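Following: one structure in structure tokens, then a few remarks.
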């Protein structure tokens with residue numbers, strides 16, 4: 001896995017969301033697989049004016065405390081400003097401008113690549129001098145390269 005540091009401006013994302021914890025996602029009551037199904041069924045890009053609709057964000061935000069606490073996951077797209085056509089159907093979140101440590105995964109089956117990457121990220125921050133900000137982290141998927149057996153993503157972790 002390759003890493004680099006970047007600064008990103010604030011963005012507004014809209015999509016479907018759920019509140020969960022890492023402990024819940026490790027057990028039988030996982031909510032994130034259903035959230036992905038809901039996202040793909042929502043046809044959000046045909047209902048909301050998105051920017052770069054080929055980019056899919058899986059945002060982790062509204063952290064209760066840290067990686068052990070509850071958080072909200074939103075799967076969706078970037079929108080221009082705060083202009084949403086149907087604010088009741090989709091959830092909108094402003095992600096603040098931040099400094100990010102970006103982890104680029106190897107190519108492989110999507111569920112394996114993502115799970116392995118997060119394991120590496122948690123291990124990295126146990127021993128790192130960088131400190132997570134917990135203001136909004138996200139996985140970035142490019143739908144133009146959507147082979148689920150050869151997925152490669154970037155994970156942006158907000159740092160102080």
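The values are calculated or read from the model by the stated rules, or taken from the named source; none is laboratory data. Quantities reported herein were computed from a predicted structural model and do not represent experimental measurements. We place every Cβ from the backbone using ideal geometry, glycine too, and count neighbours over all the protein chains shown.
The requirement of being at pLDDT below 95, surrounded by fewer than 18 Cβ atoms within 10 Å (Cβ to Cβ) and in contact with a helix residue (DSSP H, G or I) (Cβ under 8 Å, 6 or more places away or on another chain) is fulfilled somewhere in the range 65-75, by at least one residue.
Screening the candidates 121, 155, 159 for the property of being surrounded by 12 or more Cβ atoms within 10 Å (Cβ to Cβ), closer than 25 Å to residue 2 by Cβ and in contact with a helix residue (DSSP H, G or I) (Cβ under 7 Å, 6 or more places away or on another chain) yields one hit, 155.
No other residue among 81, 136 is at pLDDT 95 or above and at positive phi apart from 136.
Counting only residues that are closer than 12 Å to residue 90 by Cα, touching a helix residue (DSSP H, G or I) at 6+ places or on another chain (Cβ under 9 Å) and touching a residue at least 60 places away in the same chain (Cβ under 8 Å), the range 1-23 holds 4 of them. None of 107, 99, 89 is in contact with a strand residue (DSSP E or B) (Cβ under 6 Å, 6 or more places away or on another chain) and farther than 22 Å from residue 22 by Cβ except 99.
Sub-8 Å Cβ pairs linking a first residue in the range 140-153 that is assigned to a helix (DSSP H, G or I) to a second residue that is surrounded by 14 or more Cβ atoms within 10 Å (Cβ to Cβ) and at pLDDT below 90, at least 6 apart or interchain, number zero.
Selection of the range 103-144 for residues being more than 17 Å from the chain's Cα centre (by Cα) and within 24 Å of residue 15 (Cβ to Cβ) yields 109, 144. The strands (runs of 3 or more DSSP E) found entirely in the range 1-87 that carry 3 or more residues being within 15 Å of the chain's Cα centre (by Cα) and within 19 Å of residue 132 (Cα to Cα) are 55-61, 71-79. Checked against the criteria, residue 92 counts as part of a strand (DSSP E or B) and surrounded by 13 or more Cβ atoms within 10 Å (Cβ to Cβ). There is no residue in the range 33-53 that is touching a helix residue (DSSP H, G or I) at 6+ places or on another chain (Cβ under 9 Å), surrounded by 12 or more Cβ atoms within 10 Å (Cβ to Cβ) and closer than 24 Å to residue 124 by Cα. Only one of 56, 5 is touching a strand residue (DSSP E or B) at 6+ places or on another chain (Cβ under 8 Å), surrounded by fewer than 12 Cβ atoms within 10 Å (Cβ to Cβ), under 20 Å from residue 155 (Cβ atoms) and at pLDDT 95 or above; which? Answer to the selection: 5.
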